[in-house]
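The block underneath contains the structure these notes are about, expressed in structure tokens.
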Amino acid sequence: MDPQRHLRLMTYNMQVGIRTRHVGEYLARSWRHVLPSWRRNDDLAPVAQMLRGHDLVAIQEADLGSYRTRSVNLLDHLATHAEYPYWHAHGHRRLGPFARHAMGVLSRRALSEVEILRLPGRVPGRAAVIYRLPVSHGHIAIVVTHLALGRTDRARQLSHIVQATQGDEHVILMGDLNCDEGELEAHPVLRERGFILPAEPSHSYPSWRPRRQIDHVLVTPGFRLVSASATPFGWSDHLPVQVDVELPSGIILPT
């Protein structure tokens, strides 16, 4: 495999590093969404180990550093311990001093541009972040997002993302999209742009008995999705989804 022609990607809803092994732990560990745990850094060590070895990791349900994380910025912490030289975090919702909800990326390569895209919806705070990765001819737009729970809001948000990337020839859309592949395949704006999903679903939710794929990596025509799989790492209530992407013809990554 030519490392200049491939991107090894992962998307992961980390649920703030809260380990969830069955549905009962949603209630039993709910306090950890607002209160600190002395085990927080110990719980993050296996996460950092699992994240190593990718070109770029999209993270959802992180935290910029608040009371519940003992002021630890989770993206910064994971970048350091998983050995990623570049990272970015976008805070999109704040719960006083208790929580600073965030998403972002860990990257082995420098990103030339970061664009914050506020998404429409009945509940404020949803966003997408567009990262532009330099390649031999122009750039690749990598969009990281965490979409709404409601189908109507999701449809509007996906349309908004596609509209915002109309000027980008090559686009990768990653994140917790909160819907199955059938909804994405039926979305008229995604279909018009030609977004492609992996041939086989990678069931990622719930992590202890995965029956649905709601964590996705989609690409525009020209890319080839070589492989996709859910990583059996039951820490969050989501499994990480890993995808190997071959770049469009004539495009290589800088050395």
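The values are calculated or read from the model by the stated rules, or taken from the named source; none is laboratory data. Model, not experiment: these values are computed from the prediction. Backbone-built Cβ (ideal geometry, glycine too); neighbour counts: all protein chains shown. Note: areas computed on protein heavy atoms with side chains; ligands, DNA, RNA excluded. Shrake-Rupley method; radii C 1.70, N 1.55, O 1.52, S 1.80 Å.
In table form, for the structure just shown:
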| read-out | value |
| --- | --- |
| Any chance Arg32 is at pLDDT below 70, in a helix (DSSP H, G or I) and more than 15 Å from Pro240 (Cα to Cα) | yes |
| Selection count where residues are more than 16 Å from Ala58 (Cβ to Cβ) and open to solvent by less than 50 Å² (accessible area, probe 1.4 Å), scope segment 135-153 | 4 |
| Residue count, segment 65-75 (criterion: under 19 Å from Thr11 (Cβ atoms) and either open to solvent by 10 Å² or more (accessible area, probe 1.4 Å) or in contact with a helix residue (DSSP H, G or I) (Cβ under 9 Å, 6 or more places away or on another chain) (or both)) | 1 |
| All strands (runs of 3 or more DSSP E) inside segment 106-185 with 1 or more residues being at positive phi | 171-176 |
| Matching entry among Arg156, Arg122, Arg132 (being surrounded by fewer than 22 Cβ atoms within 10 Å (Cβ to Cβ), over 21 Å from His216 (Cβ atoms) and charged (D, E, K, R)) | Arg122 |
| Pairs, first on the phi < 0 side of the Ramachandran plot and part of a loop (DSSP other than H, G, I, E, B) in segment 213-226, second of a type in the set (Val, Ile, Thr) and open to solvent by less than 10 Å² (accessible area, probe 1.4 Å), C-beta under 8 Å, six or more apart | Gln213/Val241; Thr220/Val171; Thr220/Ile172 |
